[in-house]
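Quick one: this structure, given as structure tokens, is what I'll be asking you about.
Nothing in this text is a laboratory measurement; each read-out follows from the coordinates by a stated rule. Keep in mind that this is a model prediction, so the values were computed, not measured. Heads up, the Cβs are rebuilt from the backbone with ideal geometry, glycines too, and the neighbour counts pull from every protein chain shown.
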Amino acid sequence: MKIEARNLSFAVRGKTLLQDVSLSVEPGETLALVGPNGSGKSTLMRLLSGIARPTQGQVLLANKPLAQLTRRQIAQRIAIVEQQAETAERITARSVVELGRTPWLTALNPWSGDDTALVDKALGTVEMESFALREWSTLSGGERQRLHIARALAQRPGLLLLDEPTNHLDIHHQLSILNCIRNLKVTSVVALHDLNQALTCDKVAVLSHGRLAAFGAPEQALAPETVSDIFGIRARWVRDAEGADPFLSFQLT
């Protein structure tokens, strides 16, 4: 499912948080959003998800304005994993994942074996099958994050939005989740802090002070001179002796 932002701007009480951002992600591609804290990544995510409406410009989902879709239609097409999504209710891990099927359930289309199978698959994808009956309150931050990702996967969206999904995860699960996202047959937009993780995506968008500073193929968008300028550091490419893909190394200036 294609997602496109056209000249997006967003302001709150006269303060501009995002200004004139245009980009597009083709069906099946994974886009990494990177930038310093406060650069506008979370704001752009909220606009792409329909949670917030732009002050100017529009979002197109499969070439149709997002503003023309109902909330249920958006929920059936877009799943979002936010940085903080908690609940005080007594609920099991599996019940959290089952919430992903809510947009598809109606009086005429109640819960079925297909829904159960999708939840089982989602739990397996994030390696949380053995935690299914655990209460939410007993889980660590990383375990909760993996369950939120499973909930989004159970939703079977055409577009998956993840706002810093690797927060609270150890390195094994960081790599596992990012590999899972890349292998899904779904368009994904992922906000990341780790620039080397962003290099593994199809496209990268670099935000700075609410503006789009660079957009394109990873090695192009994350050119050392761009990274150095935006983040106020010294960046350079490093290539190991085994001929693996290059990665970025950083130093304070």
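Once you list every other residue whose beta carbon is under 15 Å from the beta carbon of L105, what net charge do they have if Lys and Arg are +1 and Asp and Glu are -1?
Neighbourhood net charge equals +2.
Using just the helices of the chain, give the 222 nm mean residue ellipticity in deg cm²/dmol: DSSP H runs with n ≥ 4 each add -39,500 (n - 2.57), and the total is spread over all residues, rounded to 500.
-8500 deg cm²/dmol
Please report the orientation-averaged projected area of the range 29-120, defined via the convex hull of its C-alpha atoms, in nm².
The Cα convex hull of the range 29-120, projected and averaged over all directions, gives 8.8 nm².
Next up: Checking the table K2/K121; K15/K41; K2/K41 against a 21 Å threshold on Cα-Cα, which pairs fail?
K2/K121
I need the phi-derived Karplus couplings for the range 169-181: 6.51 cos²θ - 1.76 cosθ + 1.60, θ = phi - 60°, integer Hz, Gly and Pro marked x.
9, 6, 4, 4, 7, 4, 5, 5, 5, 5, 5, 4, 4
Right, next: May I ask you to list the GluC sites (Glu not before Pro) in the range 24-97 that are in a DSSP loop and have at most 15 other Cβ atoms within 10 Å of their Cβ?
For GluC sites (Glu not before Pro) across the range 24-97 that sit outside H, G, I, E and B with at most 15 neighbouring Cβ atoms in 10 Å, the list reads E86, E89.
Find how many whole Å separate the alpha carbon centroid of the range 215-253 from the alpha carbon centroid of the range 20-96.
Each part's Cα centre sits 28 Å from the other's.
Right, here's the next one. Under the 0.36 nm per residue contour assumption, what length would be gained going from the current alpha-carbon distance of D202 and E135 to full extension?
20.4 nm
Can you tell which of T116, T16, T102 lies farthest toward the positive end of the dipole of the range 1-118, using +1 and -1 charges on the Cβ of basic and acidic side chains (Lys, Arg; Asp, Glu)?
Among T116, T16, T102, the one farthest towards the positive end of the dipole of the range 1-118 is T16.
Percent relative contact order of the range 100-253, based on C-alpha pairs within less than 8 angstrom and at least six residues apart?
Averaging sequence separation for qualifying contacts and normalising by length gives 14 percent for the range 100-253.
Exactly which trypsin sites (Lys or Arg not before Pro) in the range 166-231 are in a DSSP loop and have at most 16 other Cβ atoms within 10 Å?
K185
If you average over every viewing direction, what projected area does the convex hull of the Cα atoms of the chain give, in nm²?
With the hull built on Cα positions only, its mean projection is 15.5 nm².
Counting DSSP beta bridges in the chain, what percent are antiparallel, to the nearest 5?
60
Right, something else. What does the convex hull of the Cα atoms come to per residue for the range 1-60, in Å³?
76
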